[in-house]
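Below is one structure, written out as structure tokens, with a few remarks after it.
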Amino acid sequence: MSNSDPSTNPRTVICIGDIHGYIPKLQKLWTNLETLIDPSHFNTALVIFLGDYCDRGPDTRQVIDFLISLPKKYPKQKHVYLSGNHDLAFSAFVGVLPKPSDGSEFKEGWKEYEHNEEREGWFNGDGYESMHLQGRMWAGDIKDRFDTKGFEFKGSIYDAAPTFHSYGVPHGSADLVKAVPDDHKKFLANMVWIHEEDDVAIETEDGIKHCKLIAVHAGLEKGKNVEEQLKRLKAKDTGVSKVEALSGRKNVWDIPQELTAKPTIIVSGHHGKLHIDGLRLIIDEGGGLPNNPVAAIVLPPKKIVRDTDDVVKEL
């Protein structure tokens, strides 16, 4: 990817899709990115991880170790770690989510979904009384054997059992709280729900455009005031039982109408698809499935890089 002076070129932005506990995929993707991108650009890149680091794959602990190690190894890069819905639930279980700003208790959010409690087998062990709903669901024991796509659940509706096992404890055990190291808890506590950049370059049919960029795990809700959404996401408002921007589907797929007046890139993971439509970028080719690749997009050129790519160093 063009060998040239970074001072005269737009900053390289790398957005990395859902990893879901697969350390070999993450390591190979990172190697491929480092091989393909000119060192002067790679070493000063803005790297946005789009969330869902845990669950499904067997290596959550190693994935978080890898992510934590990056700022020291690549001090001139800027690293952004978005929270996915899986990471929020993991954070809820180990007790590092901020309390609701309105002073309410997490348990007040259980009522809306309590009709699902028996089927999803919500966690009822030590500490559940003060736990956010998603933490209880995450560590639960789901009664169904298969999900709607025919894949076997791994412990809970979140497929969290491999995460527990990566820290050496059985699925659903309250011992996970002690088993997760402090630096991992700090990482989980410091994840952001949204990230904004005022000037990101992207190649379009009309040449290079400079746009605002919003990175959020699933997307922004349509039909709701964008500024109000951004405010709540920046504040990490845990007063809601389900954060749609981290867990929604069709309702967060498109760029909200009010953002189309000023060109805005919205980049997300979450959806189990690779979808590039103008300035709407959805980078989750893996979906946490063992045989699917983990993908990244590199801006400005909108180049897709996968862990499965057989790359040759570009001169």
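The values are calculated or read from the model by the stated rules, or taken from the named source; none is laboratory data. Just so it is clear, the structure is predicted and the values come from calculations on it, not from any experiment. For neighbour counting, all protein chains shown are included, and Cβ atoms are generated from backbone atoms with ideal geometry for every residue, glycine included. Side chains included, ligands, DNA and RNA excluded: accessible areas come from the protein's heavy atoms. Shrake-Rupley method; radii C 1.70, N 1.55, O 1.52, S 1.80 Å.
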Please determine, by comparing only the residues of the stretch 112-139 that are touching a residue at least 40 places away in the same chain (Cβ under 8 Å) and over 26 Å from His165 (Cα atoms), which one is least open to solvent (accessible area, probe 1.4 Å). Tyr113
Counted residues in the stretch 232-248 being touching a residue at least 60 places away in the same chain (Cβ under 8 Å) and either open to solvent by less than 20 Å² (accessible area, probe 1.4 Å) or of a type in the set (A, V, I, L, M, F, W, C) (or both) come to 6
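Rundown of residues vs (1) under 30 Å from Leu289 (Cβ atoms); (2) out of contact with any helix residue (DSSP H, G or I) (no Cβ under 9 Å at 6 or more places or on another chain); (3) among the hydroxyl-bearing types (Ser, Thr, Tyr), yes/no style:
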{"site": "Thr12", "(1), (2), (3)": "yes, no, yes"}
{"site": "Asp55", "(1), (2), (3)": "yes, no, no"}
{"site": "Asp65", "(1), (2), (3)": "yes, no, no"}
{"site": "Lys72", "(1), (2), (3)": "no, yes, no"}
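Residues are listed down the side, and each one gets a yes or a no for (1) out of contact with any helix residue (DSSP H, G or I) (no Cβ under 9 Å at 6 or more places or on another chain); (2) hydroxyl-bearing (Ser, Thr, Tyr); (3) closer than 16 Å to Asp159 by Cα:
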position: Ala89; (1), (2), (3): no, no, yes
position: Leu97; (1), (2), (3): no, no, no
position: Asp102; (1), (2), (3): yes, no, no
position: Glu112; (1), (2), (3): no, no, no
position: Glu120; (1), (2), (3): no, no, yes
position: Asp126; (1), (2), (3): no, no, no
Against the conditions (1) buried (at least 20 other Cβ atoms within 10 Å of the Cβ); (2) over 22 Å from Gly17 (Cα atoms), where does Asp206 fall short? Just the number, please. (1)
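Of all residues in the stretch 155-199, how many are in a strand (DSSP E or B) and hydrophobic (A, V, I, L, M, F, W, C)? It would help to see each step written out before you state the result.
From the stretch 155-199, those in a strand (DSSP E or B) are 156, 192, 195-199; that's our starting set.
Right, trim to hydrophobic (A, V, I, L, M, F, W, C) and you get 192.
Total satisfying the criteria: 1.
How many residues does the stretch 140-170 contain that are free of Cβ contacts under 8 Å to residues at least 40 places away in the same chain and in contact with a Lys or Arg (Cβ under 8 Å, 6 or more places away or on another chain)? Before you say what the answer is, go through the steps one by one.
If we filter the stretch 140-170 for residues that are free of Cβ contacts under 8 Å to residues at least 40 places away in the same chain, which is where we start, we get 140-150, 152-153, 155-157, 161, 164, 168-170.
Pick out the ones that are also in contact with a Lys or Arg (Cβ under 8 Å, 6 or more places away or on another chain) and you get 142-144, 152-153, 161.
Total meeting the criteria: 6.
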Kindly evaluate Ile214 against the criterion of being touching an Asp or Glu at 6+ places or on another chain (Cβ under 6 Å) and surrounded by 19 or more Cβ atoms within 10 Å (Cβ to Cβ). yes
Only one of (1) of a type outside the set (Asp, Glu); (2) in contact with a Phe, Trp or Tyr (Cβ under 9 Å, 6 or more places away or on another chain); (3) farther than 30 Å from Gly150 by Cα; (4) buried (at least 21 other Cβ atoms within 10 Å of the Cβ) does not apply to Val192, and that is (4)
Determine which member of the set Phe164, Phe146 is farther than 22 Å from Glu108 by Cβ and open to solvent by 20 Å² or more (accessible area, probe 1.4 Å). Phe146
How many of the residues making up the stretch 205-231 are part of a strand (DSSP E or B) and either in contact with a Cys (Cβ under 8 Å, 6 or more places away or on another chain) or touching a residue at least 12 places away in the same chain (Cβ under 8 Å) (or both)? 8
